[in-house]
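This report refers to the structure that appears directly beneath it.
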Amino acid sequence: MSDTAFNLIAPYIQRASGRSLWLADENLLSANISANEAVIAITNRIDLEQHLYRQGWKVFFSDYDLSIIEDNSLDSVIYRVSKEKPVVHHLINEAFRCLKPEGKLYIAGEKGEGIKTYFSKAKKLFGEGETSKADKNTWSATLTKLNASSEDLLDAKDFHQLRVTASDETFEYYSKPGVFGWDKIDRGSAYLIEHLDSFLMTLPEPPRNALDLGCGYGYLSLNLSHLDIPVTATDNNAAALKACERNFNRYPINGKVVPASCAEGITEKFDLILCNPPFHAGFSVDGDLTDRFLKAAHDRLNGRGVACFVTNMHIPLERKAKQFFHQAECIASNGNFKLIRLTHKT
Ligand SMILES: C[S@@+](CC[C@H](N)C(=O)[O-])C[C@H]1O[C@@H](n2cnc3c(N)ncnc32)[C@H](O)[C@@H]1O
């Protein structure tokens with residue numbers, strides 16, 4: 001993987017001594033960097049945790065819960081900024097708390113990702129900072145903790161708090177920063193649910209169980225609760241899993257939430273699979289991700305089962321699906337989204 005911004009700060013991970021922390025996110029899903037004993041890594045993606053663990057890193061998977069690290073205890077923190085502002089703000093604030101006086105925070109990112117603004121806010125909080133550039137768009141910055149007061153903390157939107165962020169006639173949905181589209185109902189998913197009843201009528205028999213692949217805060221799963229069947233919801237993102245658990249505890253759904261990357265490790269087969277697949281990993285478009293979601297649906301769908309994917313019109317899902325499924329048919333579209341019905345048999 002080559003990410004210019006990450007390349008600017010990777011040497012600090014390799015050279016770190018004392019006690020250091022690497023905050024790793026989905027932008028670095030295929031990072032190959034040899035383990036440094038002085039550094040612990042924290043990531044909110046289970047696939048990245050597994051990847052780094054295999055490379056020998058001491059790594060923790062959590063919704064960026066840094067409470068395991070004491071105040072004023074670290075020499076350095078290294079962080080390639082994430083996509084979402086509240087996540088970045090939360091991690092800059094936490095780096096400030098965890099660093100010793102004169103400890104260093106190394107951050108990097110692109111201008112279009114807001115690195116200039118993150119730098120100037122962080123400089124106010126920390127007291128001192130300087131930048132360097134790989135090119136006119138890609139910056140890194142070193143912040144030194146000179147201030148003791150935390151009065152200039154960045155607005156992290158109460159990062160850890162689950163709250164009702166969206167609702168419809170049937171449900172109030174709990175979510176939080178760090179979940180994909182955390183404060184709204186995804187329009188593609190809403191389109192799928194609008195057509196759910198007519199889609200279910202195309203099934204050879206009523207489903208006896210269901211899989212919500214890439215569940216986010218659990219919108220699709222909750223909208224299956226009237227079927228009164230066991231639902232497995234799975235995602236690779238710690239914040240999504242936490243929000244989905246919260247929603248499952250709130251409503252009478254026979255559901256379980258499983259941390260996994262593309263359902264890896266789930267062995268059960270399902271009669272029904274619903275999916276609104278991602279096509280971005282961090283800042284980059286990842287075409288391969290669609291294939292991995294299709295493969296996961298193929299592997300987890302039983303012989304008589306039916307899967308329904310919703311995607312943007314421009315994604316050639318039917319064509320991609322042909323390598324995994326006997327039939328891939330567009331059953332509805334509205335100019336923005338389409339629903340694709342996938343089966344092993346005709
Ligand atoms: C377009 S969102 C749909 C979310 C949810 N189903 C909804 O309807 O609101 C795609 C979801 O896939 C998840 N995702 C991305 N990569 C994944 C992976 N490798 N394994 C499992 N889930 C993943 C994201 O965290 C996100 O929650």
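The values are calculated or read from the model by the stated rules, or taken from the named source; none is laboratory data. The structure presented is a predicted model; accordingly, all values stated were derived computationally and were not measured. Neighbour counts are summed over all protein chains in view; Cβ atoms, including those assigned to glycine, are modelled from backbone coordinates with ideal geometry. Surface areas here come from the heavy atoms of the whole protein model, side chains and all, with no ligands, DNA or RNA. Shrake-Rupley method; radii C 1.70, N 1.55, O 1.52, S 1.80 Å.
Please go through (1) away from the ligand (no atom under 16 Å from the Cβ); (2) open to solvent by 10 Å² or more (accessible area, probe 1.4 Å); (3) not hydrophobic (A, V, I, L, M, F, W, C) for LYS83 and return the number of the only condition it doesn't satisfy.
(1)
Taking the range 282-292 on its own, how many of its residues are in contact with a Phe, Trp or Tyr (Cβ under 8 Å, 6 or more places away or on another chain) and either modelled with pLDDT of 95 or more or loosely packed, with under 14 Cβ neighbours inside 10 Å (or both)?
Narrowing the range 282-292 to residues in contact with a Phe, Trp or Tyr (Cβ under 8 Å, 6 or more places away or on another chain): 285-287, 289-290.
Right, trim to either modelled with pLDDT of 95 or more or loosely packed, with under 14 Cβ neighbours inside 10 Å (or both) and you get 285, 287.
The qualifying residues number 2.
If we keep just the residues of the range 228-277 that are acidic (Asp, Glu) and more than 17 Å from the chain's Cα centre (by Cα), which is nearest to the ligand (Cβ to nearest atom)? Even if it seems obvious, please write down each step before you answer.
The first filter runs over the range 228-277 and keeps only residues acidic (Asp, Glu), leaving 228, 235, 245, 264, 268, 271.
When the remaining residues are screened for being more than 17 Å from the chain's Cα centre (by Cα), the result is 228, 268, 271.
Values: ASP228: 20, GLU268: 16, ASP271: 18 Å.
The extreme case among them is GLU268.
Look through ILE229, ILE331, ILE315, ILE253 and report the one residue that is touching a strand residue (DSSP E or B) at 6+ places or on another chain (Cβ under 7 Å), in a loop (DSSP other than H, G, I, E, B) and surrounded by fewer than 21 Cβ atoms within 10 Å (Cβ to Cβ).
Unique residue meeting the criteria: ILE229.
Residue under question is ASN209, and the condition is that it be under 15 Å from the mean Cα position of the chain (by Cα), open to solvent by 10 Å² or more (accessible area, probe 1.4 Å) and modelled with pLDDT of 95 or more; does it hold?
no
Here is a check on your reading of the model: is GLY216 within 20 Å of ALA296 (Cβ to Cβ), within 9 Å of the ligand (Cβ to nearest atom), assigned to a helix (DSSP H, G or I) and assigned by TED's automatic domain parsing to the domain that holds THR290?
For GLY216, the condition - within 20 Å of ALA296 (Cβ to Cβ), within 9 Å of the ligand (Cβ to nearest atom), assigned to a helix (DSSP H, G or I) and assigned by TED's automatic domain parsing to the domain that holds THR290 - is not met.
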